[in-house]
Amino acid sequence: MSAESSLSLPPHVPASLYYDFDYVAAPVGLDEPHQELSRRLKAETPPIFYTPRNGGHWIVRKPALAVDMFRQPELFSSHPDHNATRNWRPLLLPVQADPPEHGEYRKVFGAFFAPGNMRRIEPDIRAQAVGLLDGIAPKGGCDFVADIGEIFPIGVFLGLVGAPASDRDQLLDYARMFTRSPDIEVRSKGIHRLARYISGLFDARRAAPGTDIISKLVHSDFSGRPLTPDEEQGLGSLLFLAGLDTVKSVMSFIMLYLARNPEQYQKLVADPALIPGAVEELLRVSGASLPERGVARDLVYEGVSMKAGERVVFLLPLMSFDDDLNADPHAVDFARDVSQHINFGAGDHRCAGSHLARIETRVLLEEWIKRFPTFGVDPAKQPRMSAGTVWTPEYVPLVWPAAQMRDAT
C-alpha cells in the first residue's frame, strides 16, 4: 500500500478490505481481461472490498451479493442523491431511478423490446449483417471494432430510433465521452450533448411521427401524465448509450475470443445448430457493463461498514466466473446446460435490450460462418483493450484467407 493510497482510505475501512484496483483501467494491457481479472481478484480480494481509485469506492465481485443488493434499493440506491459522482443531468432513466418510479419508466419502452417485436425485425438485422460482411470478405481482414462493431449493431439501432446513419460518428463521440472517461465533467458533457441531440429527435417526431421508438416515446406517459423534457432526454440518453456502446463492446469481445480459439470456432462451422447455445455461453464470458449504486444511509452489510453516499461498483463482467454460479466457470463450453450470468443485470434492472443483443449476436455468427471457414487474429498486429466505465476492446485486427471464402448462399 502506497502512502498516497493509505491517505485515501477512510477511517471506517479496515486494512483487510483494502485492495488497490482501478476498474476503469483494469482491462488495459491484458489479453483476456475477464479470465485474468476474475482469477486475480478471487485469489487476492474479499467478496466486497474498498479501493482508493477513482475517488474511492466499494467493489462487489460476488454475484449472490450483487443480486441481493440490487433487491434492496432502500439501502443501495440508483438515484444520484446517494452517489454524487453520477449527479449529471438528465438522469439516465430508468437506471437512475428506484422503485416504484423505476418500474413506471421501464414500461415506457419495455414493450418495444419484447422478444416478439425483436424477432419481427430479424430479417432487417440479417440484411444489414449480410451487406456488411459481403463488403469486407474480399479484403482478407479488418479491424472488427471499427469495421463491424461500430457499424452493424449501431446501424440496427439507428434504424430503430429513426436517426440518420450520417450522424453515427458524432453520436459515437458522445458515447465515448461518457463510457471511456472516469472524469465526471467529461461524462457530463457527453450526456449533455447526447441529450441535446435527442431533444431534436423528439421535436422532429412530434412534428412528423413515424414507426420508430422515438415516435412511440413521444406519445408515452409516466403514471398517467406526459413525459417531461428531462424525462424524454433521460430515457433517450440511456437508450442511445446502450445501442451505441454496449452491444459493440460485447460483440468485439466475442469475436476476439473466437479468433484466438480456432478449435471452438470450428465447432460452430461444423455444426451451425450449436450457435444459439454458444451465443449464451459467449455472452457469459464477454460482459462489459459495470453498474453502480450509492449507499443510502450508514449501514453494516455482510459485516462491512459502509457510509451514506459511498459508491458501490458491481463487477458484473467477472461474476459469471464465480464457482457458485457456474461449474468450471473458466471453461467456455458450448454444450453447457445453462450459462449463468447477470451481464444484462438482474431483477427489475435487467436490460430491456437483451433480446435484441442476443438476436444481433446470433445473426452475426450465423452469417460469419457462412463466409469464413477460418479466421484469426492478424499475427502482425496486437489487439488492444480500452479503459472505460464500460469494458471494451478498442482494436481487434482479424485476418482470413479471402481466396477460401465460403459460398454464403
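What the table shows:
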{"quantity": "Test: residue in region 118-141 that is in contact with a His (Cβ under 6 Å, 6 or more places away or on another chain) and under 18 Å from T361 (Cα atoms)", "calculated": "yes"}
{"quantity": "Verdict on A335 being surrounded by 16 or more Cβ atoms within 10 Å (Cβ to Cβ) and more than 14 Å from A137 (Cα to Cα)", "calculated": "no"}
{"quantity": "Test: residue in region 222-243 that is at pLDDT 95 or above and among the basic types (K, R)", "calculated": "no"}
{"quantity": "When residues of region 177-189 are limited to those that are closer than 18 Å to G234 by Cα and surrounded by fewer than 19 Cβ atoms within 10 Å (Cβ to Cβ), the one modelled with the lowest pLDDT", "calculated": "I184"}
{"quantity": "In region 310-361, residue modelled with the lowest pLDDT [restricted to those that are basic (K, R) and assigned to a loop (DSSP other than H, G, I, E, B)]", "calculated": "R350"}
{"quantity": "Test: S199 is over 18 Å from R86 (Cβ atoms) and in contact with a strand residue (DSSP E or B) (Cβ under 9 Å, 6 or more places away or on another chain)", "calculated": "no"}
{"quantity": "Matching residues, region 114-131, being at pLDDT 95 or above and buried (at least 18 other Cβ atoms within 10 Å of the Cβ)", "calculated": "I125, Q128, A129"}
{"quantity": "Region 378-402, subset of a type in the set (A, V, I, L, M) and buried (at least 20 other Cβ atoms within 10 Å of the Cβ), residue farthest from G29 (Cα to Cα)", "calculated": "L398"}
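To keep it simple, each residue is scored yes or no on (1) under 30 Å from L93 (Cβ atoms); (2) surrounded by fewer than 20 Cβ atoms within 10 Å (Cβ to Cβ).
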{"position": "R206", "(1), (2)": "yes, yes"}
{"position": "S252", "(1), (2)": "yes, no"}
{"position": "E263", "(1), (2)": "no, yes"}
{"position": "P272", "(1), (2)": "no, yes"}
{"position": "G277", "(1), (2)": "no, yes"}
{"position": "S286", "(1), (2)": "yes, no"}
{"position": "S289", "(1), (2)": "yes, no"}
{"position": "K307", "(1), (2)": "yes, yes"}
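The values are calculated or read from the model by the stated rules, or taken from the named source; none is laboratory data. This structure is a prediction, so every number in the text was calculated from the model and none was measured. For neighbour counting, all protein chains shown are included, and Cβ atoms are generated from backbone atoms with ideal geometry for every residue, glycine included.
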